[in-house]
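The values are calculated or read from the model by the stated rules, or taken from the named source; none is laboratory data. This structure is a prediction, so every number in the text was calculated from the model and none was measured. Here the Cβ positions follow ideal geometry from the backbone for every residue, glycine too, while neighbour counts run over all protein chains shown. To get the accessible areas, we keep the full protein, side chains included, count just its heavy atoms, and leave off ligands, DNA and RNA. Shrake-Rupley method; radii C 1.70, N 1.55, O 1.52, S 1.80 Å.
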Amino acid sequence: HVAECAVPEVIKINNITFAYEGNDKNTLDGISLEIKPYEKIALVGYNGAGKTTLTNLILRLYDVKSGSIEIGGRDIREETVLSHRERFAAVFQDFQIFSASVGENVALSTDYDEDRVWKALKSAGFDKDLPQGLRTILLREFDEDGLMLSGGEQQKIAIARAFYKNCPYVILDEPSANLDPISEYELNHAMMKGADNKTVIFISHRLSTTRHADKIFMMENGKIIESGSHEDLMNMGGKYAQMFNLQAEKYVNGSET
């Protein structure tokens, strides 16, 4: 029997600062935000704004220098690292696909629940035809008939892992970097629908995907400079609106790949 997915609680980030070793300057500089249960949150901003660092701290890959991160009112440092991380599924850009069956790749186990794997693949927008169903072998390392996948399809397998795992929180760091804008939009739509029982924090540099978020936090130089829904931020006419309009212009001119 698989443990039921725990119910998400409030994630509260209280005035945190953080600097990488050997750095005098703080990568994060006094960040506070609150994420309500089941919310879909987007972190946006140019490279070096501190988005990935923030998600790394939420996962406790590092600990904050000052301030605190609480889940359900408890400091995450009060939990064991393992029990804390069990609550999260994370997909990073440098995910790995294994030369094993599709089912094993999604569940990361030889023992898996078929219905849950199919559901996870659907939530990740994976719709490639699988000749042997979930037993279809991926890659050709061990099987010359192994199914080769495009970068985008591999990414969807990695995202399906996050949906398969019974946990209340999902972190997606640029999960759709390999996709064209239309596939990316569809993927985000599928993911948000598939994650209705989870809290999702996703990092994106392509702003067409952030429209689906309940709330967007725009980061710059380790601080949050704007927050609100896509509509709020567009109406504000600040940095987010500027970044969005710049990207929209590229799509219109057809120069975005």
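Extending 7 Å from the Cα toward the beta-carbon at both Tyr20 and Met236 defines two label points whose distance is 2.7 nm. In segment 152-239, the alpha-carbon atoms span a convex hull of 104 Å³ per residue.
Remark: for residue pairs Lys51/Lys128; Lys51/Lys165; Lys12/Lys239; Lys51/Lys193; Lys165/Lys250; Lys65/Lys239, the C-alpha separation exceeds 30 Å in Lys51/Lys128; Lys165/Lys250. Sparsely packed loop sites in segment 111-147 (the GluC sites (Glu not before Pro) outside DSSP H, G, I, E and B with at most 13 other Cβ atoms within 10 Å) comprise Glu141, Glu144. Surface composition of the chain: carbon plus sulfur atoms hold 47% of the accessible area, using a 1.4 angstrom probe and ignoring ligands, DNA and RNA.
Taking the centroid of alpha carbons for each part, segment 9-60 and segment 140-195 are 24 Å apart. Taken over segment 69-118, the ratio of Cα radius of gyration to 2.2 N^0.38 Å equals 1.54.
Across the chain, the volume of the C-alpha convex hull divided among the residues equals 144 Å³ per residue.
Note on segment 21-124: percent of Cα-Cα distances in each 10 Å bin, starting at 0 and stopping at the bin with the largest distance, equals 10, 34, 32, 19, 4, 0. Over the C-alpha atoms of segment 92-218, the Rg to Rh ratio, Rh being the Kirkwood estimate, stands at 0.97. Spacing of the modelled spin labels on Val81 and Glu220, each 7 Å from Cα toward Cβ, amounts to 3.6 nm. Counting only alpha carbon atoms, the long axis of helix 181-194 and the longest principal axis of the chain meet at about 90°.
Here Glu144 and Leu61 are evaluated by their C-beta separation; at R0 = 35 Å the FRET efficiency comes out at 0.40. With all protein chains kept in place, the per residue accessible area of segment 51-205 amounts to 47 square angstrom at a probe of 1.4 angstrom.
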